[in-house]
Amino acid sequence: MAKIINILIAINDMDAELRLYENPYYQNLGFEMDEKKIQKLKKVREREIKKLPQDIREEYERLSQRYGKGVAPLVEGTCLNCFSVLPTAMISENKKREILKCPNCSIFLYKV
Ligand SMILES: [Zn+2]
């Protein structure tokens, strides 16, 4: 089974693409709506999100509504959603745990 963070990243990417298709500005630029692709994205998203534990699923949806995304990269100890620096201890302690969250903005983080 895929790691939770990898499922979150995939859902986040699908959501970003769906938002793009739903954005009138994007359509005005001349990009065509690909209904087939949108339906497929929605179907796969629904399938994937069911693989997440309920609390993580709800948290993701909440973050996604608030920030327009539910996951962000952690680069050199910095959360790229709110740009706060995470305590080093928190990052090293987390090695064993599956999921890292920003203590400031609560977004799910993945290391790059
Ligand atoms: Zn943050």
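No lab work stands behind these numbers, since they all come straight from the coordinates. The structure presented is a predicted model; accordingly, all values stated were derived computationally and were not measured. Note that we place each Cβ from the backbone using ideal geometry, even for glycine, and neighbour counts take in every protein chain shown.
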Fill in the blank from the handout: Taking Cα atoms, the helix 4-22 axis meets the longest principal axis of the chain at an angle in degrees (rounded to 10) of 30
Fill in the blank from the handout: Listed residues L86, L29, L52; largest mean-square fluctuation, Gaussian network over the chain with Cα springs below 10 Å, found at L29
Completion exercise
Length gained if K3 through K42 is fully extended, taking 0.36 nm per residue and subtracting the Cα-Cα distance, is 12.0 nm
Practice task
Using only C-alpha positions, report the orientation-averaged shadow area of the convex hull of region 4-111, nm², one decimal.
Solution key: 7.5
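Could you tell me which GluC sites (Glu not before Pro) in region 54-112 are loop residues by DSSP with no more than 14 other beta carbons within 10 angstrom of their beta carbon?
E76, E98
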Handout entry: Linear extension gain, Y67 paired with Y26, 0.36 nm per residue minus alpha-carbon span
Key = 12.8 nm
Handout entry: Net lengthening on full extension, V75/E17 (0.36 nm per residue, minus Cα-Cα)
Key = 18.6 nm
Handout entry: lysines whose Cα lies under 17 Å from that of K3, excluding same-chain neighbours fewer than 8 positions away
Key = K50, K51, K95, K96, K101, K111
Fill in the blank from the handout: Residues whose modelled amide H sits under 5 Å from the amide H of K101, counting only those 5 or more places away in sequence or on another chain, are L109
Fill in the blank from the handout: For the chain, the longest principal axis of the Cα atoms and the Cα long axis of helix 35-49 enclose an angle in degrees, to the nearest 10, of 30
Completion exercise
Residue-ordered couplings for region 85-91, obtained by feeding phi - 60° into the Karplus form 6.51 cos²θ - 1.76 cosθ + 1.60 and rounding to whole Hz (Gly and Pro as x), are 8, 7, x, 4, 4, 5, 5
Completion exercise
Given unit charges at Cβ for Lys, Arg (+) and Asp, Glu (-), the dipole magnitude of the chain about its Cα centre in debye, nearest 20, is 360
Practice task
Sticking with the crude label model, points 7 Å out along Cα→Cβ, report the distance from Q54 to S92 in nm, one decimal please.
Solution key: 3.8
Completion exercise
Simple spin-label estimate for I99/S84, 7 Å along Cα→Cβ, in nm, reads 1.8
Problem - GNM result for the chain, Cα springs below 10 Å: residue of K50, K101, K42 fluctuating most strongly - result: K50
